[in-house]
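The values are calculated or read from the model by the stated rules, or taken from the named source; none is laboratory data. Everything numeric here is computed off the predicted structure, so don't read it as measured data. Here the Cβ positions follow ideal geometry from the backbone for every residue, glycine too, while neighbour counts run over all protein chains shown. These area figures cover heavy atoms from the full protein model, side chains too; ligands, DNA and RNA do not enter into them. Shrake-Rupley method; radii C 1.70, N 1.55, O 1.52, S 1.80 Å.
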Amino acid sequence: MLVTSRSAAEYRAMFDLAAGDLVGPVLDCCAGGSSFAAETGGWVVAVDPAYALGPGDLAERVREGLDEGDRMIARNADRFEWGWYGDPGGRAAMRRSAGERFLADLRERAGRYVAGALPDLPLATGGVEVALCSHLLFTWAELGEEWHRRALAELVRVARREVRVFPVVAQATGEPVAFLDRLRAELEAGGHRTELRQVPYRFQRGGDRMLWIRVGHGGSG
Ligand SMILES: C[S@@+](CC[C@H](N)C(=O)[O-])C[C@H]1O[C@@H](n2cnc3c(N)ncnc32)[C@H](O)[C@@H]1O
């Protein structure tokens, strides 16, 4: 799996974030080489298994991710639309800038980058207000239904208020993921509210919705 580097502008569009959505600690998992934490503030904690690598190896993975991401887009041009980025050069420049900003922040504020992996995060229950997950769940549908069930339960455990997951289509096909509705129904049965919300971000064809979860607290929240 590539370690990719999306910017805070991409996060704001993918998760349809307004200023009031980000009050209190926010989790970015899987954060990869994203500059969301670097650009957004001290109250974002970034979690990714790649942070277990030393800084040199991680920098190499981030730069490899940038190059391979560009090649992958060129190979699969028909799967993408360019209204949001403008053109491939605009996307590549945004990602490169985000990757370098991430690496600079990692050197200066290493403490906010925590090695960890779903479905077992090294975070307290209700330790963040909002958990954001970009391009892992559903993107990698091949991780399987049971893994997704456990990963969603873990995100709901650590988030006091909300979980947002983008996108909800598989990377390989751009198709909806067959078990999404079942997992939503289970979350609802567990007292959480879920919605599929359209977002302003456009890139992968068919991938313009996020899974929004309002965490329930057994009637108290
Ligand atoms: C496609 S990148 C997305 C990075 C970032 N969110 C972005 O949008 O640019 C996927 C990331 O998932 C991380 N990853 C892989 N398995 C994971 C797991 N079990 N839990 C959390 N992150 C994982 C990878 O290391 C990689 O950085």
Q | Pair list, Cβ < 7 Å and 6+ apart or interchain, from region 71-83 residues that are part of a helix (DSSP H, G or I) to residues that are open to solvent by less than 70 Å² (accessible area, probe 1.4 Å) | A | ILE73/PHE80; ARG79/GLY174; ARG79/GLN204
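If the requirement is being within 18 Å of LEU132 (Cβ to Cβ) and charged (D, E, K, R), which of these qualifies: ASP48, ASP67? Lay out the reasoning, then the answer.
Numbers: ASP67 fails: within 18 Å of LEU132 (Cβ to Cβ).
Checking each option against the conditions leaves just ASP48.
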Q: May I ask you to list the residues in region 2-35 that are under 16 Å from VAL128 (Cα atoms), of a type outside the set (D, E, K, R) and within 9 Å of the ligand (Cβ to nearest atom)?
A: CYS29, CYS30, ALA31
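For the condition modelled with pLDDT of 95 or more, more than 26 Å from VAL169 (Cβ to Cβ), of a type in the set (A, V, I, L, M, F, W, C) and open to solvent by less than 60 Å² (accessible area, probe 1.4 Å), what is the one hit in ALA98, ALA92, ALA104? Don't jump to the end; show me each part of the working.
Working: ALA98 fails: more than 26 Å from VAL169 (Cβ to Cβ); ALA92 fails: more than 26 Å from VAL169 (Cβ to Cβ).
The match here is ALA104.
Give me a count of the residues in region 49-67 that are surrounded by 14 or more Cβ atoms within 10 Å (Cβ to Cβ) and in a helix (DSSP H, G or I). Before you say what the answer is, go through the steps one by one.
First, pick out the residues of region 49-67 that are surrounded by 14 or more Cβ atoms within 10 Å (Cβ to Cβ): 49-51, 53, 58-59, 61-63, 65-66.
Now drop any that are not in a helix (DSSP H, G or I), which leaves 49-51, 58-59, 61-63, 65-66.
So the answer is 10.
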